[in-house]
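First comes the structure, then the notes that go with it.
The values are calculated or read from the model by the stated rules, or taken from the named source; none is laboratory data. Owing to the predicted nature of the structure, the values given are computational and were not obtained by experimental measurement. Cβ atoms come from the backbone with ideal geometry, glycine included; neighbour counts cover every protein chain shown. Accessible surface is based on the protein model in full, side chains and every heavy atom, while ligands, DNA and RNA are left aside. Shrake-Rupley method; radii C 1.70, N 1.55, O 1.52, S 1.80 Å.
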Protein chains: 2
Amino acid sequence: MTETFGIAELAKEFGVTTRTVRFYEDKGLISPTREGQRRVYSPRDRVRLRLIMRGKRLGLTLDEIAELINLYDVDPSEVTQLKQFIGVIHERKTVLEGQKQDIEDILAEMNRLERQCTQLLSQKQNKK
Amino acid sequence: MTETFGIAELAKEFGVTTRTVRFYEDKGLISPTREGQRRVYSPRDRVRLRLIMRGKRLGLTLDEIAELINLYDVDPSEVTQLKQFIGVIHERKTVLEGQKQDIEDILAEMNRLERQCTQLLSQKQNKK
DNA sequence: AGCGAGCTTTACGTTAACGTAAAGTAGCCG
DNA sequence: CGGCTACTTTACGTTAACGTAAAGCTCGCT
């Protein structure tokens, strides 16, 4: 028998409210089982939550996150599906590489600004 | 005299509506001058718009983007401000490096999935 | 003078992603 | 049994980031 989790437990682990976790269920992002009326989450649900959080850190909408997550559940027996799948992956990769470039640009600028500042600061410190 | 731009011109260039451009002005992100009643945008406004778009691609809110943009306008004469400034830069860098890591993780997975798919696909192609 | 194109302000509408409050249930503890 | 705690459903509220519609200026053309 595999480990299970309660809703409060998972919410705390990921730093969100239980409302949020239920909301993601409404949106079809996770599908916990029930034990009586209570929700019971599997390790798989937990992995999905982790993926959701990662997506959110990147500014994806829940719909986009759903599309990404569901990639893992594609049936690899149909050739047309496989081709579509590869197409989607390509699109996603393009966007992500753009984002990565954006980040590297900003990081470079930040580093430049930082150097400039520390230098200015040490100048002032010395003069005094 | 330096180049100027109309609102429709800039909107088209960045793929947004004029409403959006005016909205950013309301939020204090850009401050075009007026020529009679009409808005006139400088190259500086254009640069800011470019920065805004980059921020949006990274999933930042307009408030966060404003904070970032205003970093460029800090007065470098006050030591306390400089120190604060360096602090903000540090925070930003941490977040960005996290995002970058997220992206690299997903990209790695995408590549794995892609290889797996193309391989599956060529197998099916050969068997037929 | 009339008119259309392009701009303006004003203001109400919309969507996503939850927050928050109300009211009910199920299990355990003294 | 009463009460607490943790969960549940239902439903209305909120914020960000615009969309969209209405009504009015101004310039240039015919």
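Test B:Val40 against the criterion of being within 12 Å of DNA strand C (Cβ to nearest atom) and farther than 21 Å from B:Leu62 by Cα, and give yes or no. Criteria met by B:Val40. Within the set A:Val40, A:Val79, the sole residue that is at negative phi and away from DNA strand D (no atom under 16 Å from the Cβ) turns out to be A:Val79. When the range A:4-26 is filtered for residues that are near DNA strand D (Cβ under 9 Å from one of its atoms) and touching a Leu at 6+ places or on another chain (Cβ under 7 Å), only A:Val21 remains.
Among the residues examined, B:Leu58 qualifies as within 30 Å of A:Gln84 (Cα to Cα) and within 16 Å of DNA strand D (Cβ to nearest atom). For the structure I just gave you, tell me whether A:Gly28 is assigned to a helix (DSSP H, G or I), of a type in the set (Gly, Ala, Ser) and under 21 Å from the mean Cα position of the chain (by Cα). Considered against the rule, which asks whether it is assigned to a helix (DSSP H, G or I), of a type in the set (Gly, Ala, Ser) and under 21 Å from the mean Cα position of the chain (by Cα), A:Gly28 comes out as no. For the range A:107-128, taking the residues that are within 9 Å of chain B (Cβ to nearest Cβ) and more than 12 Å from B:Leu71 (Cα to Cα), the one that is surrounded by the fewest Cβ atoms within 10 Å (Cβ to Cβ) is identified as A:Gln125.
Taking the conditions exactly as written (surrounded by 13 or more Cβ atoms within 10 Å (Cβ to Cβ) and under 19 Å from A:Gln116 (Cβ atoms)), does B:Ile89 satisfy them or not? In short, yes.
Among the residues of the range B:43-58, those that are within 15 Å of DNA strand C (Cβ to nearest atom) and open to solvent by 40 Å² or more (accessible area, probe 1.4 Å) comprise B:Arg46, B:Lys56. Considering the range B:27-36, and only residues there that are within 10 Å of DNA strand D (Cβ to nearest atom) and over 13 Å from B:Val47 (Cβ atoms), the residue that is surrounded by the most Cβ atoms within 10 Å (Cβ to Cβ) turns out to be B:Lys27. Checked against (1) surrounded by 15 or more Cβ atoms within 10 Å (Cβ to Cβ); (2) under 20 Å from the mean Cα position of the chain (by Cα); (3) away from chain B (no Cβ under 14 Å), A:Asp102 passes all but condition (3). Number of residues in the range B:71-86 that are open to solvent by 30 Å² or more (accessible area, probe 1.4 Å) and in a helix (DSSP H, G or I): the value is 7. When A:Tyr41 is tested against (1) closer than 30 Å to B:Glu64 by Cβ; (2) more than 10 Å from every other protein chain (Cβ to nearest Cβ), exactly one condition is not met: (1).
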